[in-house]
Amino acid sequence: MKYREFARTGFKSSVIGMGTYYDFGWILTASLFRKRLNEQGILKSLNTGLDSGINLVDTAEIYASEPIVAKAIKGRDRESIFIATKAFPTHYRREKLIRACEKSLRRLNASYIDLYQLHIPSRRVPIAETMGAMEELVDRGLIRHIGISNFSMSGMLEAEKSLKKYKLTSTQMNYNLSHRQVEKEILPHCEENGIALLAYYPLGHGKLAGNSDGSNTVVMDIARKHGLKSSAQVALTYLLSRSESVFPIPRARTPEHVAENAQLGESSFDKDEISKLQSAFPSADA
Ligand SMILES: NC(=O)c1ccc[n+]([C@@H]2O[C@H](COP(=O)([O-])OP(=O)(O)OC[C@H]3O[C@@H](n4cnc5c(N)ncnc54)[C@H](OP(=O)(O)O)[C@@H]3O)[C@@H](O)[C@H]2O)c1
């Protein structure tokens, strides 16, 4: 596994992280019946990742996965793991955000959150109020860094302007080979300003991991050349090759997948390979 400083935090993060969103049905069962399906399997996957050197874990208050993350990090050196979680817009008012953060901390069984992100923009709560509360949380030592997710370019600029004491550390966006809109404005802005871009759906929610049967010759040629095992490894390496600001967070549910993802970081594609992949995967949104 390769490590890079996560934005300007001083934390050396694995270039690949682990996502912990397990679909709507899973969340519903966990929230309504307190039953986390396949909890042991998920725990094994997270432990596989942590044992293999992945030290970046993404969760959210609405994923219902914070308690599993708590179990995975128990007994490990807390300072060596970067935990990113998210607040939902229903909690963007100052007092609600503080309460939501305290609840996430309890579920994570942690004294601080490394990266607290606003899950999606709110149409109701002014960003200045939410960012003010975020800065208070940093001052109180409950969170270390502030992030956003699913914000447009203009929303991101507004979020940055609303921060008076601290800089925005990251944004989290849908970014993969078939969905490359962020490459236009958001990624260059991140690079210029030392902001990390957490790439969610890095495997297109699994779609980009499904053609290792040789159906896409461009992918398989590039995989062979770089000694990569699968189309999933090619899709993730594409993101890592595009920019040092990008940290893909594929979902961690199957230990074998996590182990495979943890091997990445050494290969990088050149311009020609990047453009061949871009032609093979016309971006749905570019
Ligand atoms: N900010 C947001 O609004 C937002 C929205 C969605 C997701 N996210 C975050 O992003 C994370 C990733 O998104 P996602 O889980 O929906 O999509 P994804 O990571 O693009 O795709 C997940 C799928 O890829 C499979 N997979 C993972 N590694 C693989 C490998 N090496 N080979 C073959 N298949 C592999 C997974 O299977 P297994 O599960 O069996 O391993 C799963 O079916 C989430 O877990 C969450 O933390 C954020």
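No value in this document is a laboratory result; all are computed from the given coordinates. For clarity, every value in this text was computed on a predicted model and none was experimentally measured. Reconstructed Cβ throughout: ideal geometry from the backbone, glycine too, with neighbour counts over all protein chains shown.
What the table below lists for this structure:
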item	result
Structure-based [θ]222 nm, the chain - -39500 (n - 2.57) summed over DSSP H runs of at least 4, per residue, nearest 500	-12000 deg cm²/dmol
Scaled radius of gyration (Cα, divided by 2.2 N^0.38 Å) that segment 27-110 gives	1.12
Charge dipole (the chain, unit charges on Cβ, about Cα centre) - positive-most of Tyr201, Met131, Phe151	Met131
For the chain: relative contact order, % (alpha-carbon pairs under 8 angstrom, 6 or more apart)	22 percent
Per-residue HN-Hα couplings for segment 48-55 [Karplus 6.51, -1.76, 1.60; θ = phi - 60°; Hz; x = Gly/Pro]	4, x, 5, 5, 8, x, 6, 10
Counting DSSP beta bridges with both ends in the chain, the antiparallel % (nearest 5)	15 percent
Among Ile195, Ile62, Ile146, residue whose mean-square fluctuation peaks in a GNM of the chain (springs only between Cα atoms under 10 Å)	Ile62
Whole-Hz ³J(HN,Hα) from phi, Karplus 6.51 cos²θ - 1.76 cosθ + 1.60, for segment 11-16, glycine and proline x	8, 8, 9, 4, 5, 10
Hz values of 3J(HN,Hα) by residue in segment 64-70 - Karplus curve (6.51, -1.76, 1.60), Gly and Pro given as x	6, 9, 4, x, 6, 4, 4
Alpha carbon centroid spacing (whole Å) that separates segment 117-163 from segment 239-261	25 Å
Spread of Cα-to-Cα distances over 10 Å intervals beginning at zero, given as percent, for segment 3-280	7, 30, 36, 21, 5, 0
